[in-house]
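Comments concern the structure below.
None of the figures in this text is laboratory data; all of them are computed from the coordinates on show. This is a predicted model, so every value here is computed, not measured. Reconstructed Cβ throughout: ideal geometry from the backbone, glycine too, with neighbour counts over all protein chains shown.
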Amino acid sequence: MIDATRREFAGGAAAALLAGSLGAAGSAQPAEELYGLVGELRAAPGKRAELVGYLLQGTGGMTGNLAYIIAEDLADPDSIWITEVWRSKADHANSLTLPQVQATIAKARPLIAGFGTRAETRPVGYGR
């Protein structure tokens, strides 16, 4: 039940941000080209806020990124959920080579205790 609620939130949040990128009809970008990721990241105990701070600082200006949503898990004080929407899978892969992303990974790595559920998605539209 909790996993379904989290997926619904992530999907709805990404869809809301896509609304601005895709236009009113939701079709400015062919749906088959969009790429999405939803994943849980577990911070070391008591380090969630610091980890979120690093992620928020180092993930702006990524070419091809339509949405990068960081959400605190309400049931787990050390977990966050990241929802990403990209114009393509290649844009996501290329983002991992950006200097600011590499710097963020280096800062964040010591604060990461583990990873939870991860899903690759294909955003297909949004509702209002």
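Using the beta-carbon distance between ALA90 and THR117 and R0 = 25 Å, what value does 1/(1 + (r/R0)^6) give for FRET efficiency, to the nearest 0.05?
0.55
Using θ = phi - 60° and the Karplus relation 6.51 cos²θ - 1.76 cosθ + 1.60, list the HN-Hα couplings for the stretch 82-92 in order, rounded to whole Hz, with x at every Gly or Pro.
Values, residue by residue: 10, 10, 10, 10, 10, 5, 7, 5, 5, 4, 4 Hz.
Tell me, what ³J(HN,Hα) does each residue in the stretch 51-56 have, in order and in whole Hz, if you take phi through Karplus 6.51 cos²θ - 1.76 cosθ + 1.60 with θ = phi - 60° and put x for Gly and Pro?
4, 4, x, 4, 5, 5
Under a 5 Å amide H to amide H cut-off, with H placed in plane at 1.01 Å, what residues pair with ALA44 once short-range neighbours are removed?
Counting only residues 5 or more places away or on other chains, the set is ILE112, ALA113.
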